[in-house]
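Trainee: Have a look at this one before I ask anything.
Where a number appears in this text, it was derived from the coordinates with a stated rule and is not lab data. Because the structure is a prediction, the values reported are computed rather than measured. Here the Cβ is made from the backbone with ideal geometry for all residues, glycine too, and neighbour counts use every protein chain on show.
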Amino acid sequence: MSRSTTPGSWDGPWYRVHTAHFEAAFLPSADEDLESVDNVDMFVDLKDGSRWSATIITLDQVEILMKRWAASGEALTGRYFWCADGLIVRDAGISNMTQVLAGLIQNGEFTQILQCLDH
């Protein structure tokens, strides 16, 4: 698995990033450059003990998938994109995604966007 300047550590297949407000566990592909990650499943544990999930994907990756589906016939020949608990971000990389998560917590939108797993 590739290493990065992103402040985090590996825990098996998970790349964990600890901040003052949360721990995020990302599941990148093996050998994927952490600052090029453009489609990743992840979990967030907040300090209050709650657990949240999301699939974070970049705009560019959505476009790539829709073009692929246009050729394969999936998703009405690429006419739409949908994924459960999806969060679309502009820029790739674990550090960028972590900054987005921190910003969502700071502005109070986090619980409206990510999927709570404590039901």
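Trainee: Who wins for biggest fluctuation among Ile88, Ile105, Ile64 in a Gaussian network model of the chain, springs between alpha carbons below 10 Å?
Mentor: Sorting by GNM fluctuation, first place goes to Ile64.
Trainee: Oh, and also: Under a 5 Å amide H to amide H cut-off, with H placed in plane at 1.01 Å, what residues pair with Gly86 once short-range neighbours are removed?
Mentor: The list, which skips near neighbours in sequence, is Thr55.
Trainee: Further question: Within the range 20-119, which trypsin sites (Lys or Arg not before Pro) sit in a loop by DSSP and count at most 13 neighbouring Cβ atoms inside 10 Å? Please list the in-between numbers first.
Mentor: On the way: sites: Lys47, Arg51, Lys67, Arg68, Arg79, Arg90; in loops: Lys47, Arg79, Arg90.
Within the range 20-119, the qualifying trypsin sites (Lys or Arg not before Pro) (loop, at most 13 other Cβ atoms within 10 Å) are Lys47, Arg79, Arg90.
Trainee: Further, regarding this structure: Which whole-Hz ³J(HN,Hα) couplings does the range 57-74 yield from phi under the Karplus relation 6.51 cos²θ - 1.76 cosθ + 1.60, θ = phi - 60°, glycine and proline marked x?
Mentor: Coupling constants for the range 57-74: 9, 7, 4, 4, 5, 4, 4, 4, 5, 5, 5, 4, 5, 4, 7, 8, x, 5 Hz.
Trainee: Next question. Counting helices only, and only those DSSP H runs with n ≥ 4, report the 222 nm mean residue ellipticity of the chain as the sum of -39,500 (n - 2.57) divided by its residues, in deg cm²/dmol to the nearest 500. Before the final figure, lay out each step's value.
Mentor: On the way: 4 runs with 36 residues, N = 119.
-8500 deg cm²/dmol, from helical runs alone.
Trainee: Given a Förster distance of 41 angstrom, what is the FRET efficiency for Asp60 paired with Cys116, based on the Cβ-Cβ distance and rounded to 0.05? Intermediate results must be reported in sequence, preceding the final value.
Mentor: Numbers: r = 28 Å, r/R0 = 0.69.
After rounding to 0.05, the efficiency reads 0.90.
Trainee: HN-Hα J couplings of the range 102-118 from phi, Karplus 6.51/-1.76/1.60, θ = phi - 60°, integer Hz, Gly and Pro as x?
Mentor: Values per residue, Gly and Pro as x: 4, x, 5, 5, 4, 8, x, 9, 3, 6, 8, 9, 7, 8, 6, 9, 9 Hz.
Trainee: Whole angstrom only: what separates the Cα centroid of the range 60-98 from the Cα centroid of the range 101-119?
Mentor: 21 Å
Trainee: Would you kindly derive the ³J(HN,Hα) couplings of the range 88-94 from the backbone phi angles with the Karplus curve 6.51 cos²θ - 1.76 cosθ + 1.60 (θ = phi - 60°), listing them in order in whole Hz, with x for Gly and Pro?
Mentor: 8, 10, 6, 10, 6, x, 4
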